[in-house]
Amino acid sequence: MSQKLYIFLLSVSFLLVATISQAQQAEDSLQGKSYDQLQDIFYDYYDRDSLLTSKVLKTYLTRAKREKDTLHIAIGYDNYYLFREHEDGTDYINYLDSIIQYTKTNASKDYPASSYFAKAQYHLLGKRDIQKTIINLNEARKYAKTKGNIDLLYRIDYYFAIIRSEHLDEKEKALTILKKCLHYYEEKEELQYQARYLYALHLLSETYIGLKKHDSASYYNHLGYRKAKNANPNLSILKNYFTLCEGINQYEQKNYQAAIDSINIALPQMINLGDNSNIIDSYFYKGKSYYDLIEIEKAIPFFKKTDSALGSLKSTPQYKHVKTYEYLKDYYKTKNDIQNQNIYLDKLNKILDNYLNDQTFIRNKVKIDYDIQLLLEEQQSLKEALQNETKTSRSKIAWLIILSACLGGLVYFQYRKKIIYRSRFEKLVTQNQTTTPSAKKQDKKNLTANVPEKHIKHILDKLEEFEKEKKFLEPGITAQSLSDMISTNVKYLSQVINHFKSKSFTNYLNELRINYTIQELKENTMLRKFTIKAIAETVGYNNAETFSNAFYKQAKIKPSYFIKNLEKLS
């Protein structure tokens, strides 16, 4: 080995040892920090030194787990969530599930309520999954209400207002919620409350636009602009949101040039903020304004920009933006450009297909705007074809008579079925459904030969607790898991249920769940918005089919029929 090589290797070795030593000293120094000090370091460095941040997070969470400190475990996972969200990782949502797992049975003011709320934000803004958003908001509300977290309750209400306004077409209900939120935030001076006040004001204006109450929308846009302009300098930029909103309001009133002028003011700020949602709105309404001014060649570039921005979304676009693909498809049709026409038709069909799987009112909107219209056109075509026929063979008439008879029989069968189902539905509605299955007053004498009397009393007491605390809603319950839960064995448990409840364990569990479901559906209008699968999961079933079969076996009607007719009563 040459002397130069030897000196080089020796230098590298010293450097490596020094680096390892420095890293070890850094970790040792973190061990001596308090939770608050570690938290301060995290806030200072999480967006500019990922290596140091990772060490801080590991130190914080490892210590919390070692000390079995539930609150700091939750904060540790919350910090991981913020860090991974900042890095745009794919699995950061799992940290929220970890917080829920640790704090569900030992809740604090913030946890797990805030974690359920963050999951709701993720599903609404990141995935546009309304069902999961509602489920997580309901869980967040339950814990926030129990622990008196008033601030979070108002944030939850604001998100319910978004859902009601933009996804469930319940705009009047959204207005009531928003005005309550405005009253709460308006009286507070802190920066975060000022921001939430302005966001609520903005959504209020958008909701009035949706209701075609344009004067009210303009009033709140002007109010919001003034409030934002005079607010903290960090919030003054929000005045551009009200400028854009007023531009959309002007478009809806067919004041197209006024709309373009407002959008031109707001759009550069939306681009600076990187606000994709409002950038899309700006391009879309600017394109529509030019389109309705019959300046098609000016409109098309903005529809293309809308399409490009929609392509960068990680969720399904808003329903109103679907028109972008209609405009582009029709434009290329006039140009006889089959290739581009096919591209935008394909995009339109794919998005509509997504919406047809949506369980909110948008699915019905799609059928009204697209599918139903096509069916009407097809039907009209058939009528014209029939009118043009000059001869009808006897065989066709005979088949028509047979078909009419079959249809008549089918109609009668459906009519009878409808009467029976209606009778069963009315019976369920008028009954005061109790969760606890009916139990016979049985003599213990026939049972004590197989089950010791002290075990009978213990099992009955535990079953009463099981029913009262609604533990039957937990998924995956079996006779074995329940017997383990109440410290007995499967044989004793089954015999007690058979004797006192006069049913098998499976029928007992199903009756508890279905009785609870019926009562909840009668009282909780939000639950009726869920899919059958989501309802099934909420009450402990693994799939919709098992739930539907259990519901029908007990109620003699399908859950979908029950929900549909409950909605008619509302």
What are the residue pairs meeting all of these: first residue in the stretch 38-63, first residue over 17 Å from TYR77 (Cβ atoms), second residue of a type in the set (S, T, N, Q), Cβ atoms under 8 Å, and 6 or more apart or on different chains?
TYR45/THR53
Would you confirm whether any residue within the stretch 462-481 is farther than 23 Å from GLU511 by Cβ, modelled with pLDDT of 70 or more and under 45 Å from the mean Cα position of the chain (by Cα)?
no
Name, by its number, the condition in (1) assigned to a helix (DSSP H, G or I); (2) surrounded by 17 or more Cβ atoms within 10 Å (Cβ to Cβ) that does not hold for SER277.
(2)
Of everything in the stretch 215-261 that's closer than 19 Å to TYR285 by Cα and outside any helix (DSSP H, G or I), which residue is nearest to the chain's Cα centre (by Cα)?
GLN253
Unique residue being under 30 Å from LYS213 (Cβ atoms) and of a type in the set (Lys, Arg) when the list is LYS145, LYS127, LYS119, LYS180:
LYS180
Tally, over the stretch 313-347, of residues that are in a helix (DSSP H, G or I) and either acidic (Asp, Glu) or closer than 23 Å to GLU295 by Cβ (or both):
19
Residues in the stretch 547-555: is at least one outside any helix (DSSP H, G or I), touching a residue at least 24 places away in the same chain (Cβ under 8 Å) and on the phi < 0 side of the Ramachandran plot?
no
Matching residues in the stretch 227-261 - criterion: being within 19 Å of LEU182 (Cβ to Cβ), in contact (Cβ under 8 Å) with a residue 24 or more places away in the chain and of a type in the set (Lys, Arg)
LYS227
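The values are calculated or read from the model by the stated rules, or taken from the named source; none is laboratory data. Bear in mind the structure is a predicted one, so any value in this text is a computation, not a measurement. Counting neighbours? That spans all protein chains shown, and the Cβs are built from the backbone with ideal geometry, glycine included.
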